[in-house]
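Read the figures in this text as sums done on the coordinates, not as results from a lab. Being a predicted model, the structure only gives us computed values, none of them experimental. Every residue, glycine among them, receives a Cβ derived from its backbone with ideal geometry; neighbour counts consider all protein chains shown.
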Amino acid sequence: MKMAQTRASGTYKIDSLATTKEITVHLNDLGIRTGVEIVVVQKDRKGGIILHQGTRIALDARVMEQIDVTERSSSKPSLPLWISYKSVKAGRSIRLVQKVLCAVV
């Protein structure tokens with residue numbers, strides 16, 4: 001499936017990059033290459049944000065259409081990998097995990 005067809009909070013393995021050489025080199029510099037696992041954090045029709053090795057990377061929809069991925073099944077409960085600090089209610093604790101703000105539950 002194309003990365004543009006994925007769902008937010010899903011974990012995927014990159015199967016292939018059908019981007020131009022220039023974009024492929026740039027993605028490789030960011031650590032996005034065939035075989036790596038990423039998490040789609042947020043998506044809309046204009047693009048999305050993926051999480052790879054603790055770093056969020058924004059991609060536009062055109063690039064997401066050129067990346068083939070396979071969904072990874074997980075036996076772990078599906079918990080949000082990150083949340084906005086704005087959504088943390090007063091009195092709740094938060095902690096920083098791999099450069100990503102997470103709520104402590």
Between Ile23 and Glu37, the two model label points (7 Å from Cα along the beta-carbon direction) sit apart by a distance in nm of 2.6
Could you state the per residue volume, in Å³, of the convex hull enclosing the Cα atoms of the range 7-75?
80
Added length on full extension, which subtracts the Cα-Cα distance from 0.36 nm per residue, Thr70 to Gln5
22.3 nm
Quick one: net charge of Tyr12's neighbours, Cβ under 11 Å, K/R +1, D/E -1?
0
